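Just below is one structure, and these are the notes that go with it.
The values are calculated or read from the model by the stated rules, or taken from the named source; none is laboratory data. These figures come from a predicted structure and were not determined experimentally. All Cβ positions, glycine included, derive from the backbone under ideal geometry; neighbour counts span all protein chains shown. The area values use the complete protein model at the heavy-atom level, side chains included, leaving out ligands, DNA and RNA. Shrake-Rupley method; radii C 1.70, N 1.55, O 1.52, S 1.80 Å.
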Amino acid sequence: GCMLDGKLYPFGEIARTENCFRCSCSQDAMRCCSLFHTPVGYDKENCKVVFNTKSCDYDVVQKSDPSKECVVYSRV
């Protein structure tokens, strides 16, 4: 298998790791890509970025009231 962040994963495709990556584990190497996109276009003065481990994505919420989401114009 392959080790990632102290956890052993079996050979083959891993749909989602604990840290929100999709990986392919072979005897040669482990290749991973992220399942999330980082928000870059939003109101940085009034909003903040919070990582949501359930959805494997970033939520952009109001600093004054984190229960309210902010509009995100672009992600990378």
Subject >> Fraction of accessible area attributable to carbon and sulfur, the chain (%, probe 1.4 Å) >> reply: 49
Subject >> Proportion of all alpha-carbon pairs of the range 1-45 beyond 13 Å (%) >> reply: 57
Subject >> FRET E, pair D57, A29, Förster distance 22 Å, beta-carbon r, rounded to 0.05 >> reply: 0.25
Original post:
For the chain, how many pairs of lysine residues have a Cα-Cα distance under 16 Å, where the two are 8 or more positions apart or belong to different chains?
Top reply: 4
Original post:
Any idea how far the Cα center of the range 1-22 sits from the one of the range 27-76, in Å?
Top reply: 22
Original post:
Rounded to the nearest whole Å², what accessible area per residue is found for the chain with the 1.4 Å probe?
Top reply: 71
Original post:
What relative contact order, as a whole-number percentage, does the chain give when Cα pairs under 8 Å and 6 or more residues apart are counted?
Top reply: 22
Original post:
Direction-averaged shadow area of the convex hull around the Cα atoms of the chain, nm²?
Top reply: 5.9
